[in-house]
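First the structure, in the form of C-alpha cells, and then the observations on it.
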Amino acid sequence: MTDRTRTLQELAERIRAYEPVEDAWLAKSFTDQLLVVDVSSDERLPPEIETLVADHGLVGVNDVYGTHSAETSFMGAVGGADRHQFVDVETRGDHQSYVVE
C-alpha cells in the first residue's frame, strides 16, 4: 500500500465521523482512485468535507470528468443516501485498470 493510499484511507475514516455521513471509502474507476462519500438523503454534504477533500488533492468527479451537474461531486442516490465521489488528482492515471480478456 502506498503512502498516498494510506493517507486517503485515514481521510475516509475521518470523514465517516461526520454526523450526516453514512459511509466513506476508497474505490477505483478505470485508472483513477476515488473517495466515495455517502451522506443521508435528507442532509447536504458538509462544507467542511468539501474543504477537507480539496486540501488533500481531491476534486469532485463531475468537474474532473467534465460531466454536466449542478454539484461537482454528486453521483445520485443509493439506498437512503446521496453518493458523492472525489477523484484523487495527485495520482490521476497512475492506477492499473481492470482488464477482462
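The values are calculated or read from the model by the stated rules, or taken from the named source; none is laboratory data. Since the structure is predicted, the reported quantities are computational estimates derived from the model, not experimental observations. Cβ atoms come from the backbone with ideal geometry, glycine included; neighbour counts cover every protein chain shown.
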*Mind checking whether some residue in the stretch 20-34 is out of contact with any strand residue (DSSP E or B) (no Cβ under 8 Å at 6 or more places or on another chain), farther than 19 Å from THR2 by Cβ and among the aliphatic types (A, V, I, L, M)?*
no
*Could you tell me whether the stretch 4-13 includes any residue that is of a type in the set (Gly, Ala, Ser), farther than 13 Å from VAL89 by Cα and at pLDDT below 95?*
no
*asked:* Please determine whether any residue of the stretch 78-87 is of a type in the set (S, T, N, Q), on the phi < 0 side of the Ramachandran plot and not in a strand (DSSP E or B).
replied: no
*Between a first residue in the stretch 22-36 that is at pLDDT below 90 and a second residue that is part of a strand (DSSP E or B) and not polar (S, T, N, Q), which pairs have beta carbons less than 7 Å apart while being 6 or more apart in sequence or on different chains?*
LYS28/LEU34; ASP32/VAL87; ASP32/ASP88
_Which count do you get for residues in the stretch 18-30 that are surrounded by fewer than 13 Cβ atoms within 10 Å (Cβ to Cβ) and not in a strand (DSSP E or B)?_
2
*Is it fair to say THR51 is of a type in the set (S, T, N, Q), over 12 Å from the mean Cα position of the chain (by Cα) and either in a loop (DSSP other than H, G, I, E, B) or surrounded by fewer than 17 Cβ atoms within 10 Å (Cβ to Cβ) (or both)?*
yes
_Restricting to the stretch 51-67, name every residue that is free of Cβ contacts under 8 Å to residues at least 12 places away in the same chain and not aliphatic (A, V, I, L, M)._
THR51, ASP55, ASP63, GLY66, THR67
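A quick yes/no check of all residues on (1) basic (Lys, Arg); (2) modelled with pLDDT under 95; (3) in contact with a Ser or Thr (Cβ under 8 Å, 6 or more places away or on another chain):
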| residue | (1), (2), (3) |
| --- | --- |
| SER41 | no, yes, no |
| GLY57 | no, no, no |
| ASN62 | no, yes, yes |
| GLY66 | no, yes, no |
| THR72 | no, yes, no |
| GLY76 | no, yes, no |
| ALA81 | no, no, yes |
| GLU90 | no, yes, no |
| GLY93 | no, yes, yes |
